[in-house]
Each structure stands twice: as structure tokens, then as C-alpha cells.
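Trainee: Questions regarding the structure given below will be posed in turn.
The values are calculated or read from the model by the stated rules, or taken from the named source; none is laboratory data. Here the structure is a predicted model, which means the values were calculated and not measured. Backbone-built Cβ (ideal geometry, glycine too); neighbour counts: all protein chains shown.
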Amino acid sequence: MRQGGGAVTDFADEAQEIEIAERESAVAEIRRRAAPPVQVFFECLACGDPIETARLSVNPAARRCLMCQEAYERLQLLRSKG
């Protein structure tokens, strides 16, 4: 093996890593653009009160405050049983 041959390999490895990183970045950008935008609601659709900040941090697409969401889910459960 010739002296300094490792430098060529290191350069090739580095170039390959850069190419992989660029591809991953491009794929992530395509996925981000293809994803539907998340619409954030600050007021509950049912009662008009502000949606709790903690709820929005867990579920930015929440459309109801916690109390109204629980009531909505109970109503849906009753409708599905009857």
C-alpha cells in the first residue's frame, strides 16, 4: 500500500457522507412540503373559550378545549352504541 493512501479514502468517505446528508435533507424537505399544514385553533369551536396552552403543545391541531373535547367524545361514544 502506498503512503498517504488513507487520505484518498478519507476524502472519498467524507464526500460520500456529505452526499448522504444532502440527500437526507432533500428528502426531509420534500416530506415537509408534502405534509398538510397544521392549522392551530386558539379558541374552542364548541364554547369559544381559549384552548389550553398545554393541550395545544401536545396537539396543535386541537379544535376544542379539554372539557368540550371530553363531552364530544362521550357523545360520539353514546351515538355509536345506540
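Trainee: What pairs come up if the first residue lies in the stretch 60-82 and is assigned by TED's automatic domain parsing to the domain that holds Cys44 and without any contact (Cβ under 8 Å) to a residue 60 or more places away in the chain, the second is among the β-branched types (Val, Ile, Thr) and surrounded by 10 or more Cβ atoms within 10 Å (Cβ to Cβ), and their beta carbons are under 6 Å apart, counting only those six or more places apart or on different chains?
Mentor: Pro60/Val40; Ala62/Ile51; Cys65/Ile51
Trainee: Here's a follow-up. Are any of the residues in the stretch 45-53 under 13 Å from the mean Cα position of the chain (by Cα), assigned to a helix (DSSP H, G or I) and among the hydroxyl-bearing types (Ser, Thr, Tyr)? Quick ask: steps written out before the conclusion?
Mentor: If we filter the stretch 45-53 for residues that are under 13 Å from the mean Cα position of the chain (by Cα), which is where we start, we get none.
No, the stretch 45-53 contains no residue that is under 13 Å from the mean Cα position of the chain (by Cα), assigned to a helix (DSSP H, G or I) and among the hydroxyl-bearing types (Ser, Thr, Tyr).
Trainee: Identify all residues within the stretch 23-44 that are farther than 12 Å from Leu66 by Cα and either at pLDDT 95 or above or not in a helix (DSSP H, G or I) (or both); write none if there are none. Give the steps one after another, and end with the answer.
Mentor: In the first step, residues of the stretch 23-44 are kept if they are farther than 12 Å from Leu66 by Cα; the result is 23-42.
Matches in the stretch 23-44: Ala35, Pro36, Pro37, Val38, Gln39, Val40, Phe41, Phe42.
Trainee: Can I ask one more? Give the stretch 9-41 a look and list any residue that's exposed (fewer than 10 other Cβ atoms within 10 Å of the Cβ) and in contact (Cβ under 8 Å) with a residue 12 or more places away in the chain, or say none.
Mentor: Of everything in the stretch 9-41, those that are exposed (fewer than 10 other Cβ atoms within 10 Å of the Cβ) and in contact (Cβ under 8 Å) with a residue 12 or more places away in the chain turn out to be Val38, Gln39.
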